[in-house]
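What follows is a short report on a single structure.
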Amino acid sequence: VEASIPEPQRDAWKKFQAKPFVSKDDFEKEVVRHVETTLARSMFNCDETAAYAAASLAFRDRLITEWNRTQQRQTFADTKRVYYLSLEFLMGRALDNAMLNVGLKNVAKEGLSELGFRIEDIINQEHDAALGNGGLGRLAACFLDSMASLNFPAWGYGLRYKYGIFKQEIVDGYQVEVPDYWLDFNPWEFPRHDIVVDVQFYGGVRKYQDEVGKNVAVWEGGEIVKATAYDVPIPGFDTPTTNNMRLWSSKAASGEFDFQKFNSGDYESSVADQQRAETISAVLYPNDNLDRGKELRLKQQYFWVAASLYDIVRRFKKSKRAWSEFPDQIAIQLNDTHPTLAIVELQRILIDMEGLDWDEAWTIVTNTFGYTNHTVLPEALEKWSVPLFQNLLPRHLQIIYDINMFFLQSVERKFPGDRDMLARVSIIEESQPKMVRMAFLAIVGSHKVNGVAELHSDLIKTTIFKDFVKIFGPDKFTNVTNGITPRRWLHQANPRLSELIASKTGGLGFLKDLNVLNELEKFADDKAFKKEWAEIKYANKVRLAKYIKSTTGVTVNPAALFDIQVKRIHEYKRQQLNIFGVIHRYLTIKAMTPEQRKKLAPRVSIFGGKAAPGYWMAKTIIHLINNVGAVVNKDPDVGDLLKVIFLEDYNVSKAEIITPASDVSEHISTAGTEASGTSNMKFVLNGGLIIGTCDGANIEITREIGENNIFLFGNLAEDVEDLRHTHNYGSHTLDPDLVKVFDLIKSNAFGDAGAFGALTGSIEDHGDYYLVSDDFHSYIQTQTLVDEAYKNQEEWITKTILSVARMGFFSSDRCINEYAEMIWNVEPLPVEKGSGLGKEE
Ligand code: 8GP
């Protein structure tokens, strides 16, 4: 029931409408009010946690006012909306971002100071919203920021996990996982107890013919779980547009617990149903680039997809438009295959619930969806066993079989008699048990499929989805190279650099049009500018050095070359190549005369990242890094020349400290394995150079910034297959320098070598799938070039300035505009800057 206030009473509403604060005094008033009323505290017991809570609530109130207006404006305009479906949104902290995006950070800073707090301390109280694993989840977060900043009517839909990605502790060099219960106090979400959707699981399908002879399918029985919406406002930068991220939380349908069981004394099982239902949104699966095929994961996927589609369809039906207009009003983007069930669910809604014909419904479905692929790694491509599907979602399985049948018929018409082709492209894999191939379903059910960097988009067309290019033609496949939001990854993470750039380019406009950075080229040889530029880098390194000292106890020299590799730990990302290189450096230093040592540039090798809890090899790599650090860092022969640091619990807020402090960062995946990478972009944008392979977005970064400004090495993607073949069927001799590294490990120099046997063995005895040995020599040589180049600081600084100046392409705003034009066909809904927006900046 719509509960709209009648016309005559609306004047009173308008008179007392919430007004977002703009001034420092009004901000302080809000903070004090929240401390004294919402938090029931006073100036006599207001600690930093309480001040964080009150400041956040003040900003939240402000955001929600703009959120309401935005939603009204978008509903009224009735233009096409984008729905971005992602199982992961790696948002990080919200307060700093909210203050900067509405342009009131200085107001808040002064206000907090007058109330007795330092803004940095308050910002640091916030717990990261860590509802994601790595690149895929952070990309979704950058996209939300860009969509709001560009005024696109766009919502994100996801799951409100009670536990985000685990917290990582390092104990005796090993990774230990600790649950991340982040919801203790979360001022940024609004529970919408009025928005609850019933989601059905299990049961069976009854089919019959109705009076007019039409086939009807009814999915009945089974169990119902309730999905409750939690809304998180997403403020755009320098615009009132505040979009929505809606996250679903699961609850048992039966309410609190079963009273009958309770009254008969069976208390435990009366709460069991409740708990089982709540399990669905309890925890984020901690795997990056790996699919494990667990039933609970499929339950999460359907739960989220069903609730989101119900919501989207409900909103569409209010407009009373014809179903055929659905794709004109709605674009749904599938962030990887995780939401692929949405394709099946929409088809089910249209044919089973709304009575449309199959073909009519299917046209609507395929025109609505777009699918983004984020990986070619075979172990990450989702497949679900048919029996599991049959049990959990019996009606959906039938629809998938029908989709497959019609699809294979069309293939048969195009390629008559090609049985192999049919077997290769079938959505159902004829294995034991049969499997549903989700990526194939996503391709068949979408109108566009995109990869996330040029090389990756080419690879999907020539390898895993080759047949589909033949079937649908090349136009269905496209590329949108990833990007990052300069608001968080420059303005927020590196305020001094942002300020310097603003002072030379005429204000903060570069944060809305990153190509403005180009204007920095003219300062690449400007002495005064270079000095300031270098000072900022040094200050950022000092900040990181302090952080390293406080968290690891190790003292590092901020004048040393900071060499950073932070990302999920994965064999394909090759942190092992990096640490073997470090050991090689250690050996080299040990063999040097004191004279030679004086000539070497001191280096700090910094690692960070989580391993999936079940990924033994990745955990072994972490263990080796820590053990190498323990030996090297206290070796008097080495001193400042080499320090090895593993930063515990890498996450978004730590990335904001780490990224601005790099001299070089490592993006050294085996060519053809890293779809894009996005931290490569963040590091370059912050004035660091890259050592990298010809992989993912490194290639486009090179094209943009120039090959003189990047250290590339290693084999090319096109040669990887042949090399692997040689390893397995020809001769495989290891690089002699790598052999020395292995010998040192085997001498127990870094603790019991048995612990690292699987790691060295994977290279020596098991085919070296990731080509560590093949690339080792060129990696070491390139590191030597880095050492040399770093000695010439003047040239180095010029390189970093030129690189930053040429990074405009990698703004996520550019990505969103490309998606909007090539895939979604949506327009922004411009708003007048006006009431309520912060005036400063
Ligand atoms: C990641 C890619 O590995 C990374 O190169 C890319 O930058 C990022 O997506 C954003 O596009 N892919 C994944 O995280 C991924 O495929 N995860 C799925 C297996 C869950």
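At-a-glance table
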| item | result |
| --- | --- |
| Restricting the range 559-594 to residues that are of a type in the set (Lys, Arg) and in a helix (DSSP H, G or I), the residue that is nearest to residue 656 (Cα to Cα) | 573 |
| Pick from the range 116-139, criterion surrounded by fewer than 19 Cβ atoms within 10 Å (Cβ to Cβ) and charged (D, E, K, R), ranking: farthest from the ligand (Cβ to nearest atom) | 118 |
| Strands (runs of 3 or more DSSP E) contained entirely in the range 157-244, each with at least 2 residues that are charged (D, E, K, R) | 167-171, 190-201, 204-209, 223-235 |
| The lone exception for residue 322 - which of (1) in contact (Cβ under 8 Å) with a residue 12 or more places away in the chain; (2) of a type in the set (A, V, I, L, M, F, W, C); (3) over 25 Å from residue 379 (Cβ atoms) it fails | (1) |
| Test set (1) surrounded by 14 or more Cβ atoms within 10 Å (Cβ to Cβ); (2) outside the structural domain of residue 303 (by TED's automatic domain parsing) - residue 4 fails condition number | (1) |
| Any helices (runs of 4 or more DSSP H) falling wholly within the range 612-708 and containing at least 2 residues that are aliphatic (A, V, I, L, M) and within 14 Å of the ligand (Cβ to nearest atom) | 698-705 |
| Selected residue [within 19 Å of residue 338 (Cα to Cα), crowded, with 16+ Cβ neighbours inside 10 Å and at pLDDT 95 or above] from 438, 421 | 438 |
| Residue list for the range 478-492, filter: more than 16 Å from the ligand (Cβ to nearest atom) and surrounded by fewer than 24 Cβ atoms within 10 Å (Cβ to Cβ) | 492 |
| Residue pairs meeting the criteria (Cβ under 9 Å; at least 6 apart or on separate chains; first at pLDDT 95 or above, in the range 376-398; second within 11 Å of the ligand (Cβ to nearest atom) and among the aromatic types (Phe, Trp, Tyr)) | 377/572 |
| Breaking point among (1) modelled with pLDDT under 95; (2) outside any loop (DSSP other than H, G, I, E, B), for residue 57 | (1) |
| Residue in the range 134-141 that is assigned to a loop (DSSP other than H, G, I, E, B), out of contact with any Pro (no Cβ under 9 Å at 6 or more places or on another chain), assigned by TED's automatic domain parsing to the domain that holds residue 251 and in contact (Cβ under 8 Å) with a residue 40 or more places away in the chain present | yes |
| Those residues of the range 513-538 which are charged (D, E, K, R) and either over 27 Å from residue 146 (Cα atoms) or in a helix (DSSP H, G or I) (or both), in sequence order | 519, 521, 522, 525, 526, 527, 530, 531, 532, 535, 537 |
| Residue within the range 502-512 that is part of a helix (DSSP H, G or I) and not assigned by TED's automatic domain parsing to the domain that holds residue 673 present | no |
| Count - residues of the range 378-389 that are within 14 Å of the ligand (Cβ to nearest atom) and either in a helix (DSSP H, G or I) or of a type in the set (A, V, I, L, M) (or both) | 4 |
| Restricting the range 610-625 to residues that are touching a Phe, Trp or Tyr at 6+ places or on another chain (Cβ under 7 Å) and under 13 Å from residue 583 (Cβ atoms), the residue that is surrounded by the most Cβ atoms within 10 Å (Cβ to Cβ) | 625 |
| Subset of the range 441-455 [part of a helix (DSSP H, G or I) and either among the acidic types (Asp, Glu) or under 16 Å from residue 337 (Cα atoms) (or both)] | 441, 442, 443, 444, 454 |
| Matching helices (runs of 4 or more DSSP H) fully within the range 274-377 where at least 1 residues are within 16 Å of the ligand (Cβ to nearest atom) and farther than 18 Å from residue 83 by Cα | 295-318 |
| Members of the range 703-745 found to be at pLDDT below 95 and in contact with a Gly (Cβ under 7 Å, 6 or more places away or on another chain), listed by number | 728 |
| Residue match in the range 593-600 (condition: among the basic types (Lys, Arg) and touching a helix residue (DSSP H, G or I) at 6+ places or on another chain (Cβ under 7 Å)) | yes |
| Some residue of the range 466-475 being among the β-branched types (Val, Ile, Thr) and more than 16 Å from the ligand (Cβ to nearest atom) | yes |
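The values are calculated or read from the model by the stated rules, or taken from the named source; none is laboratory data. Since we're looking at a predicted model, the values are computed, not measured. Heads up, the Cβs are rebuilt from the backbone with ideal geometry, glycines too, and the neighbour counts pull from every protein chain shown.
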